[in-house]
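The values are calculated or read from the model by the stated rules, or taken from the named source; none is laboratory data. Just so it is clear, the model here is predicted, and its values are computed rather than measured. So basically every Cβ, Gly included, is an ideal-geometry build from the backbone, and we count neighbours across all protein chains shown. Accessible surface areas use protein heavy atoms only, side chains included; no ligands, DNA or RNA. Shrake-Rupley method; radii C 1.70, N 1.55, O 1.52, S 1.80 Å.
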Amino acid sequence: MLIMKTQSFLFIILFLSALFVSCTDSNKDETTNTDAIAVDINNSESQSFESVFKITDLIAFQNSENLPIKPIKRILKNQENYWILTSNQILLLDLRGNMLQSVSSEGNGPGEFQSLDDIRWNDFSKTIEVLDKSSGKLIRYTTSGEFQDEWKNPYLNLATSFYPKGDQYFIYGGTFFNGDGDRAVLVSGKSGEKIAGYSKLGKERNYLNVVNNDTFYEFGGEIEFSFSDNDTIYTLNQEDTKAKYIFDFGEFKTPKEFFDRDFENIMEFRNEASANNYISIFATQSTDQHIFLFLTQGAKFFPTIFDRSSGKVKIIDNWSTDFGDEFSKLSSYLTYAPIGSDDESLYFAIDPYAIKSEIDKLTDNPSLPDFLEQNPYINQIFEDFETYENPYILKLSILDI
């Protein structure tokens, strides 16, 4: 059992490294006038899932029995619909989960894609825009899902996230890393030329990969910018970059000098960071009231909530339940990093295979029937497994700290 748990931890670390790894910031001038927010991992506590989140909805893909859906990468709520990105499909659902459209146009032509990496609503052009980093373009759709046109730009090559602002685009993580070394750029949607660059890369460009795909959030008219393995959330504009929130991990903070080392690859970096008990932010996901931080320290994970208004921080050491430690992961729906957010809610993708596998391990546990009775959404996933095997979308609101 210990070996299986260790293997499980290693699998999750490798998965999250591939999903969210980025770089740390070396522009110290951007952080000097901002107060740090203490995140003391020693004060983390066990919490029940229901004491942190309120489940707003569990959404199944209705009428999708003949459409196998691969793991979900991103979700966007726009008006009365959900737009979903998988590795090979764009799915359009209404808010009840009814399938409206599926786009699987893999190729090199207009409206076709090689990869699906990020999705945004462009209020300037009134279109849904999908990033295909492999082709270096944005594909534009009407709100009803009809292909309209596409925009190609060299800064989109290998980019992992973008954000439209007026007739300009903030872009993160493209091939320009090998040029002038900016982590993010602001590009004109008309001329395609670079207007501004942000957060220069240091030596870490030699070993860190930039594949996390949600680095921008608009709040209060400001564009917030964050990336993995960095302790700061910035605001961006044409003139400069300013630190908005700095998260201070105290004795577990990764020192700047650590990123200046010549690591052979990302796994060597991860192993050394783990050996030193450094804490990393694998991912952030924002709402208007809260910021969800997914922290890691070696093989241990700490879901963390930051309240924008009060400045309070809640660090979850473990998901507790009245039914015992065996039900810990299952009680949290095996959630890790969100796939998106809106102004009020976080969204997670739920794998019914993982839920069923966890329940199967508890078949002989006498508490299982009572647990399923008190957790009707988990019971629903289990009961419907024989007829529905596609992912679910779990919509959560964060409770006040």
For R205, what accessible area in Å² do you get when you roll a 1.4 Å probe over the heavy atoms of the protein chains, rounding to the nearest 10?
-> 90
Once the convex hull of the C-alpha atoms of the chain is built, how many Å³ does it hold per residue, rounded to a whole number?
-> 143
For the chain, which DSSP H helices look membrane-span-like by this rule: Cα extent along the axis of 24 Å or more and mean Kyte-Doolittle of at least -1.0?
-> 2-20
Which ³J(HN,Hα) values, rounded to whole Hz and listed in residue order, are derived for the range 230-240 from phi using the Karplus coefficients 6.51, -1.76 and 1.60 in 6.51 cos²θ - 1.76 cosθ + 1.60 with θ = phi - 60°, glycine and proline given as x?
-> 10, 9, 10, 10, 9, 10, 10, 8, 5, 8, 7
Full extension from N379 to D317: what is 0.36 nm times the residue separation minus their Cα-Cα distance, to one decimal in nm?
-> 19.8 nm
Could you give the distance between the Cα centres of the range 250-277 and the range 78-122, to the whole Å?
-> 37
Burial-style ranking of 41-47, 58-64, average other-beta-carbon count within 10 Å with highest first, yields 58-64, 41-47
Counting only residues 5 or more apart in sequence or on a different chain, those whose built amide H sits under 5 Å from that of D317 are E45, S46, Q47
Rounded to the nearest Å, the spacing of the alpha-carbon centers of the range 126-182 and the range 338-379 is 35
Amide H contacts of S345 (H built 1.01 Å from N, under 5 Å, at least 5 apart or other chain) = none
Given only helices, namely DSSP H runs of n ≥ 4 each adding -39500 (n - 2.57), what is the per-residue ellipticity at 222 nm of the chain, to the nearest 500 deg cm²/dmol?
-> -4500 deg cm²/dmol
Report the extension gain between S397 and E257 in nm, rounded to one decimal, defined as 0.36 nm multiplied by the number of residues separating them, less their alpha carbon distance.
-> 46.6 nm
Among the listed pairs K253/K300; K137/K203; K165/K244; K126/K200; K300/K329; K126/K190, those beyond 24 Å (Cα-Cα) = K137/K203; K126/K200
Of the range 358-401, those with amide N under 14 Å from the point 7 Å along the Cα→Cβ vector of E65 are 384-390
Using +1 on the beta carbon of Lys and Arg, -1 on that of Asp and Glu, and nothing else charged, what's the dipole of the range 194-276 about the Cα centre, debye to 20?
-> 200
Loop sites in the range 302-401: GluC sites (Glu not before Pro), DSSP, at most 10 other Cβ within 10 Å = E386
For the range 78-91, in residue order, the Karplus 3J(HN,Hα) values (coefficients 6.51, -1.76, 1.60; θ = phi - 60°; whole Hz; Gly and Pro = x) are 9, 6, 9, 9, 10, 9, 10, 10, 10, 6, 9, 9, 10, 10
Starting at the first residue of the range 365-374, write each ³J(HN,Hα) from the Karplus equation 6.51 cos²θ - 1.76 cosθ + 1.60 with θ = phi - 60°, in whole Hz, x for Gly and Pro.
-> 7, x, 7, 4, x, 5, 4, 5, 5, 8
With every protein chain left in place, what is the accessible area per residue of the range 264-401 in square angstrom, probe 1.4 Å?
-> 42
The local net charge around I315, scoring Lys/Arg +1 and Asp/Glu -1 for residues other than I315 whose Cβ lies under 14 Å from its Cβ, equals -2
Based on the inverse mean of 1/r over its pairs of different Cα atoms, what is the Kirkwood hydrodynamic radius of the range 125-263, in Å?
-> 16.1
Using a 1.4 angstrom probe on heavy atoms only, work out the carbon and sulfur share of the accessible area of the chain in %.
-> 46
